[in-house]
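Heads up: the structure comes next, in structure tokens.
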Amino acid sequence: AQSVSQHNHHVILSEAASLELGCNYSYGGTVNLFWYVQYPGQHLQLLLKYFSGDPLVKGIKGFEAEFIKSKFSFNLRKPSVQWSDTAEYFCAVTLNFGNEKLTFGTGTRLTIIP
Amino acid sequence: DAGITQSPRYKITETGRQVTLMCHQTWSHSYMFWYRQDLGHGLRLIYYSAAADITDKGEVPDGYVVSRSKTENFPLTLESATRSQTSVYFCASRPGTANTEAFFGQGTRLTVV
């Protein structure tokens, strides 16, 4: 079964700092990869997704992620964070064929200090 | 309005009682999912459904029952609630075609006392 690891449990940054959140998955086949964001008290919203093609994916609010197949990674980046980026971020994976379950990592809490 | 809605948003129940959480989507998505969110565990899949009358266990199914008699509804029942089932429950849906993302409901915060 696939699994997802997010190594950073809680990240604290100042506004305008650069962000990189790690995500690794364990599955050797074709996968679909996602980053979801959960603002305080809200439901999960999709930030960006990768299905195929260009491994550098751009999402909403200036976020991007790079799929590196050889490293089984899909790290999330943002060059300059804002206070409004304070949220919890979840990486998720689903297999491309057969098993349609969406498996999540444990999440990374991001706190931005004004 | 179109979308995915969960009810109730908040629920307090006593240990041993049966509780049903409702999930309704208006997109006719094939797949529906139930997750629970707990600190330190992220989101864990309880049950999912690929279509009406087709359900399957996820990672943490014990103590839960689901049904899917209609495509748009996917209720989750706790047959005899326990304190360990205190959690935030999220329902999600996605189309049956490949390369699509899941959409989440607002969540139900359940407290078992």
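The values are calculated or read from the model by the stated rules, or taken from the named source; none is laboratory data. This is a predicted model, so every value here is computed, not measured. With ideal geometry, Cβ positions are generated from the backbone for all residues, glycine too; neighbour counts draw on all protein chains shown.
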Which condition does residue B:101 not pass, out of (1) more than 13 Å from the chain's Cα centre (by Cα); (2) over 13 Å from residue A:101 (Cα atoms), if it passes all the others?
(2)
State all residues of the stretch A:10-21 that are more than 14 Å from chain B (Cβ to nearest Cβ) and either within 15 Å of residue A:105 (Cα to Cα) or in a strand (DSSP E or B) (or both); if no residue qualifies, say none.
A:11, A:12, A:13, A:14, A:19, A:20
Go through the residues of the stretch A:23-41 one by one and say whether even a single one is crowded, with 20+ Cβ neighbours inside 10 Å, part of a loop (DSSP other than H, G, I, E, B) and aliphatic (A, V, I, L, M).
no
Quick check: is even one residue across the stretch B:47-70 at the interface with chain A (Cβ under 9 Å from one of its Cβ atoms), under 15 Å from the mean Cα position of the chain (by Cα) and within 23 Å of residue A:39 (Cα to Cα)?
no
Across the stretch B:34-70, what is the number of residues that are assigned to a strand (DSSP E or B), touching a residue at least 24 places away in the same chain (Cβ under 8 Å) and not aliphatic (A, V, I, L, M)?
8
Close pairs from the stretch B:88-101: first more than 10 Å from chain A (Cβ to nearest Cβ), partner charged (D, E, K, R), Cβ under 6 Å, at least 6 apart
B:89/B:36
Going residue by residue through the stretch B:4-26, is there one that turns out to be under 22 Å from residue A:32 (Cβ atoms) and within 14 Å of chain A (Cβ to nearest Cβ)?
yes
Looking for whichever is farther than 21 Å from residue B:48 by Cα and modelled with pLDDT under 95 here; the options are A:80, A:52. Which one fits?
A:52
